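Each reported figure results from applying straightforward, stated rules to the coordinates on display, with no laboratory input. The structure displayed is predicted, hence computed values, not measured ones. Cβ placement follows ideal geometry from the backbone for every residue including glycine, while neighbour counts extend to all protein chains displayed.
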Amino acid sequence: MGQKGFFTDTTLCIGCKACEVACKQWNQLPDDGFQLTGMSYDNTGHLGSSTWRHVAFVERPVPLPTQTVGLLDFSWLMASDVCKHCQRAGCLEACPTGAIIRTEFDTVYVQPDVCNGCGYCVAACPFGVVDRREDDGRAWKCTLCYDRLGEDMTPACAKACPTASIQFGDVDELRERAQRRVEQLHEKGLEQAYLYGADAENQPGTGGLNAFFLLVDKPEVYNLPPDPVVPTMKGREAWVSAGWGALGMAVVALGAVLLGREVVRG
Amino acid sequence: MGDIRPEDLEKRQDGRNIDSRLGDLSGEGAQQRVKDTDEANPSRALLRTRPSVSGVNAEEPSYYGQPALKEPVWIWSIPLYFYVGGVAGAASVLGVAAEAVGGEGLRKLGYRCRWVGAVGDIVSSGLLIHDLGRPERLLNMLRVFRPTSPMSVGSWVMVGSGAMNSAAVLFASRRGWLGRVGDGAAVAAGLLGLPLAGYTAVLLANTAVPVWQATRKSLPLLFMSSAVASAGSLLELLPHSSHEAKVLHLFSTMGKVGELMTGVAVRHEASGLEVLERPLKQGVSGTLWKAARVCAAASLALGLWPRRTRWMKVAGALLGTAGAIATRFAMFHAGKASARDPQATFQPQREAMGAAEVTGHTHASDGKPFKFPLPVLRETPRRPERPEAASGAWEPEIPVP
Ligand code: SF4
Ligand code: SF4
């Protein structure tokens, strides 16, 4: 089956939101209300339980080296965000019911018939992707079109993307392609281009992302964390601390009884 | 599955608008129930940035100030559960100690602890189930055992503790082997009480929420000492004999001292960066945190008062309880505020307090080296020596406005 994933080349994104629409349509997700965020052309705002692709619109008062603009120093960055299908997935490692599994395509999948809505995955995802829908009670996120992959089809968003900003395939092959693209951009003068989360070396905290990105500005600008970590990596220290606490509690209980008892007899 | 019929979805105007005669609902998200449609802008409050200025050039880059993480979805029953579970765990521990080394005189106290433990465990499960998005699937918690998930570990601990405490209550003061089974169950409940009181802090620390993650070393100690204080306070409120009072008083006093000290440790651990510490200083969580500190300190002071009257004892125990509950709510709301603040996520990671803390790499995911804060900058400026003071030429310090 191999490792499947996305390479999202944000330099190609034109912000058409075809991926958002295709995802909603294929997965038959409910709409998120026809409201304006009031902050930019991005009226989706964030990934959520019923939004599994989200196109970010970053309006910058800085030029892009490869573009010429008429009046002001100005450029747009658009990026289609999605669940990263992390190699070390915070959501998966946190889920107490085993609802979140790693599939044969090496993607991270929430089984809706198992999830009991405890909400732990929501707090455990270092990218703020998975969310619990209040009126449904379960956690939802991108499935990397698990149903389509089973039929040997390309995920809906990658299929719909008119500029090949979203590319789907085997992660190894995508990584190579992405590397070539970065080199090409560097040659063209876009020195800032880099890959975000392509492998464990680039992002040791997650062990690399199956859905990685090509970005041209700081990750924060796209609402991505600069050095994310799967919480489990740090959880060990908390357990050690709890161990010491347990020792302390035992000592306090025994001490209280022994001292209190002696007072009674004396 | 299958709890929604396609016809209903069509009627419900949920934005799918699929005519069930033409298409069927079989997509991955088709089973998602909808009462109200989502909000586009998660923080409906006033915009923190000017429209169209995403903050790329600013010192603190972010995406229009939007949260980088999802706020934990838990409701009030979770912090309350942290309190109740702590009481149950610490009471079980005290109960075993009383029965093991307390002799006949403390046997009654041991039995009372069994009761507190059993009732606490039952109330705890109720509170947890209340928070589940799908309460009818509560048993799925015991579907697997996942050591990487503190919630999974904790569920098993709680179920075990509940079973053991219930058995201990049922078989208390029975003769023969039934009594011995009860005693054995009480010992098991006492052992399980230790993780029961502390795993909730590990559960919080093992998330992406910045302030919880940053305080992972001290938070378990705070929760466990607070559990001791709250169990002691509760048992002091229940009727007890005068020689039991000494044990309980010692127990809760040690808990309160621990609670106050570990509270300082938590503040210290969070103080690595201002954005991390902020929720403990400001807003709802900051107020709760201060209230918790004041309650614990007042309760300790009342407990150590030389000649305590009856009302002082009751007031001390009540304040101890209030302090323990406020502590859990303060940490809970601090986490929510911390998750809402994108800078609390971004800044520590830039300062090598993200993954770099455990993996030791030196560059962020965009290839930029971490900003290691220079240790010199962190030192509190040393006060100038005052030889002048001796010669009488000392100048009064000008208070900083
Ligand atoms: S991005 Fe979040 S939801 Fe997606 S696999 Fe990683 S931890 Fe899970
Ligand atoms: S909400 Fe569901 S998927 Fe998420 S951790 Fe809980 S059981 Fe697992």
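Express the relative contact order of the stretch A:4-229 as a whole percentage, based on alpha carbon pairs under 8 Å and six or more residues apart in sequence. Normalised by residue count, the contact order of the stretch A:4-229 is 27 percent. Taking every alpha-carbon pair in the stretch B:66-196 and binning the separations at 5 Å intervals from zero gives 2, 12, 19, 20, 17, 11, 8, 5, 3, 1, 1, 0, 0 percent. In order along the stretch B:295-304, the phi-based Karplus estimate (6.51 cos²θ - 1.76 cosθ + 1.60, θ = phi - 60°) of 3J(HN,Hα) comes to 4, 5, 5, 4, 5, 5, 4, 4, x, 8 Hz; Gly and Pro are listed as x. Across the stretch B:77-350, Cα pairs under 8 Å and at least six residues apart give a relative contact order of 20 percent. For the protein assembly as shown, the mean residue ellipticity at 222 nm estimated from helices alone is -16000 deg cm²/dmol, where every DSSP H run of n ≥ 4 contributes -39500 (n - 2.57) and the total is divided by all residues, rounded to the nearest 500. For A:Cys83, the amide hydrogen comes within under 5 Å of the amide hydrogens of A:Cys142, counting only partners 5 or more places away or on other chains and with H modelled in the peptide plane. Taking a threshold of 21 Å on the Cα-Cα distance, which of the pairs B:Lys108/B:Lys256; B:Lys217/B:Lys336; A:Lys84/A:Lys159; A:Lys141/B:Lys35 fall above it? Check vs 21 Å cut-off fails for B:Lys108/B:Lys256. Across all C-alpha atoms in the stretch B:214-344, the radius of gyration and Dmax reach 15.7, 54 Å. Less than 5 angstrom separates the built amide H of A:Leu214 from those of A:Thr8, A:Asp9, A:Thr10, A:Tyr196, all sequence-distant by 5 or more or on a different chain. Sparse packing (at most 16 other Cβ atoms within 10 Å of the Cβ) combined with a DSSP loop state is found for none of the chymotrypsin sites (Phe, Trp or Tyr not before Pro) in the stretch B:220-328.
Using every pair of alpha-carbon atoms in chain A, split the distances into 5 Å bins beginning at 0 and state the percent of pairs per bin, rounded to integers. For chain A, the binned pair fractions read 1, 6, 11, 15, 17, 15, 11, 7, 4, 3, 3, 2, 2, 2, 1, 1, 0, 0, 0 percent.
Within 10 Å of the Cβ of each residue in A:193-202, the mean number of Cβ atoms contributed by other protein chains is 2.
With a cut-off of 11 Å between beta carbons, the residues surrounding A:Val216 carry a summed charge of -2, where Lys and Arg count +1 and Asp and Glu -1. In a reduced charge model with +1 at each Lys and Arg Cβ and -1 at each Asp and Glu Cβ, chain A shows a dipole moment near 620 debye about its Cα centre. With Cα atoms as the point set, the radius of gyration and Dmax of the stretch A:146-231 evaluate to 14.1, 41 Å. By the rule of a C-alpha distance below 19 Å, with chain neighbours fewer than 8 residues away ignored, the lysines paired with B:Lys371 are A:Lys218. Note on chain A: with a GNM built from Cα contacts shorter than 10 Å, the maximum mean-square fluctuation among A:Val182, A:Val171, A:Val240 falls on A:Val240. Note on the protein assembly as shown: Kirkwood radius taken over Cα pairs, Stokes-Einstein applied at 4 °C and 1.567 mPa s, translational D equal to 48 µm² s⁻¹.
Remark: mean inter-chain Cβ contacts per residue of A:107-117 equal 4, using a 10 Å Cβ-Cβ cutoff to other protein chain atoms.
Per residue of A:14-23, other chain Cβ atoms within 10 Å of the residue Cβ number 0 on average.
The trypsin sites (Lys or Arg not before Pro) of the stretch B:101-186 that meet both conditions, a loop assignment by DSSP and at most 12 other Cβ atoms within 10 Å of the site Cβ, are B:Arg175. Classify the stretch B:77-350: rounded, prolate or oblate, from the alpha-carbon gyration tensor (a ≥ b ≥ c, eigenvalue square roots; a/c under 1.5 rounded; otherwise prolate if a/b is larger than b/c)? Oblate, because a/c is 1.5 or more while a/b does not exceed b/c. Kindly identify the stretch B:142-268 as rounded, prolate or oblate by the Cα gyration tensor criterion: order the square roots of the eigenvalues as a ≥ b ≥ c, call it rounded if a/c is under 1.5, otherwise compare a/b with b/c, prolate if a/b is larger, else oblate. Judged from the Cα gyration tensor, the stretch B:142-268 comes out oblate (a/c at least 1.5, b/c at or above a/b).
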